Amino acid sequence: MDDIPYARFLGVAAVEGDPTLLTLPFADIVLGRPGFLHGGAIGGFLEVAALVALRHALGIESDARVKPINLTVDFMRGGRDKPTFGRGIVTRLGTRVANVNATAWQDDPARPIAAARMNYLIVRA
Amino acid sequence: MTPDLTAFDSAAFMAASRSGHSSFLGFEYRAHGADWAELALPYRADLIGEPERGVLASGPILALMDTASALAVQLKLGTSRPQATLDLRIDYVRPASPGKTVIGRGECYCITRAIAFVRGTAHDGDPDDPLANVAGTFMFTDL
């Protein structure tokens, strides 16, 4: 993930000991209306979480490239002035397409602030 | 004929977006109509998602379309009303061309009592060669 300039821009960090769990600190850079996260920043964070999970599923050795096909985000709650967590789950890894879900939450994983579904094209070398 | 400017003031909009996520992404106002708004996202190295090829990440494009669509809702309403994005779907038709400014146009095609429906496209110079299409809904939060 450290090789993705956009992930660094957002301030996304990996949680040590859990390869697919990420955090997003609350800061001006991700602020929407006063006191709340910007929907675009939440969506972007979910995309990073989905990509990290997919790369993990493909394996670090893999030289496969992935291209996003589409993304659907549901915004369920406002993102408040506190850290956000995010995790992607690969629901199917095929030879050409991968389906990935990602959720973001703040206090309780059972109360997500947003959830995304992404489809990726896998281009194997 | 003079264009319909409704209640929208682009200078005030840009002043209001001089903080937060939109300003850090460097969004610029381009144009608007009675039910649409067009914003620009200039290319920047720190927004890259694919370092090998220098392609912009999809996140900033999603944020651009969210912001342009939200603005389109306010324009169609002709007034400012608190709203939250309910869902946003984006099809990445092709990667953005490295070095090029991405232009996002959001349109609000229907408003009901509680919900506003939007659609939009993003391109990097030629509107007939879009790089992304979006569809989404906003919910009014003052009900």
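Here's the yes/no breakdown for (1) touching a residue at least 40 places away in the same chain (Cβ under 8 Å); (2) under 21 Å from B:Val55 (Cα atoms):
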position: A:Arg8; (1), (2): no, yes
position: A:Gly11; (1), (2): no, yes
position: A:Pro19; (1), (2): no, no
position: A:Gly43; (1), (2): yes, yes
position: A:Val48; (1), (2): yes, yes
In the range B:18-64, how many are under 30 Å from B:Leu77 (Cβ atoms) and either in a loop (DSSP other than H, G, I, E, B) or more than 10 Å from chain A (Cβ to nearest Cβ) (or both)? 19
Starting from residues that are in a loop (DSSP other than H, G, I, E, B) and of a type in the set (A, V, I, L, M, F, W, C), keep the ones in the range A:39-92 and report whichever is nearest to the other protein chains (Cβ to nearest Cβ). A:Met76
Which numbered condition B:Thr79 fails, given (1) modelled with pLDDT of 95 or more; (2) assigned to a loop (DSSP other than H, G, I, E, B): (1)
Single match in B:Ala45, B:Ala96 (criterion: open to solvent by less than 40 Å² (accessible area, probe 1.4 Å) and hydrophobic (A, V, I, L, M, F, W, C)): B:Ala96
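Of all the residues that make up the range B:4-35, how many are open to solvent by 60 Å² or more (accessible area, probe 1.4 Å) and at pLDDT 90 or above?
Adding up the residues that qualify gives 4.
Evaluate the range A:27-36: report whether one residue or more is over 28 Å from B:Asp91 (Cβ atoms) and part of a helix (DSSP H, G or I).
Here is the first cut: in the range A:27-36, the residues over 28 Å from B:Asp91 (Cβ atoms) are A:27-28, A:34-35.
Now drop any that are not part of a helix (DSSP H, G or I), which leaves A:28.
Looking through the range A:27-36, at least one residue is over 28 Å from B:Asp91 (Cβ atoms) and part of a helix (DSSP H, G or I).
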Of the residues that sit in the range B:82-127 and are more than 23 Å from B:Tyr29 (Cβ to Cβ) and in a loop (DSSP other than H, G, I, E, B), which one is nearest to the other protein chains (Cβ to nearest Cβ)? B:Pro95
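The values are calculated or read from the model by the stated rules, or taken from the named source; none is laboratory data. Keep in mind it's a predicted model, so treat the numbers as computed, not measured. Every residue, glycine among them, receives a Cβ derived from its backbone with ideal geometry; neighbour counts consider all protein chains shown. These accessible areas exclude ligands, DNA and RNA; they are computed on the full protein's heavy atoms, side chains included. Shrake-Rupley method; radii C 1.70, N 1.55, O 1.52, S 1.80 Å.
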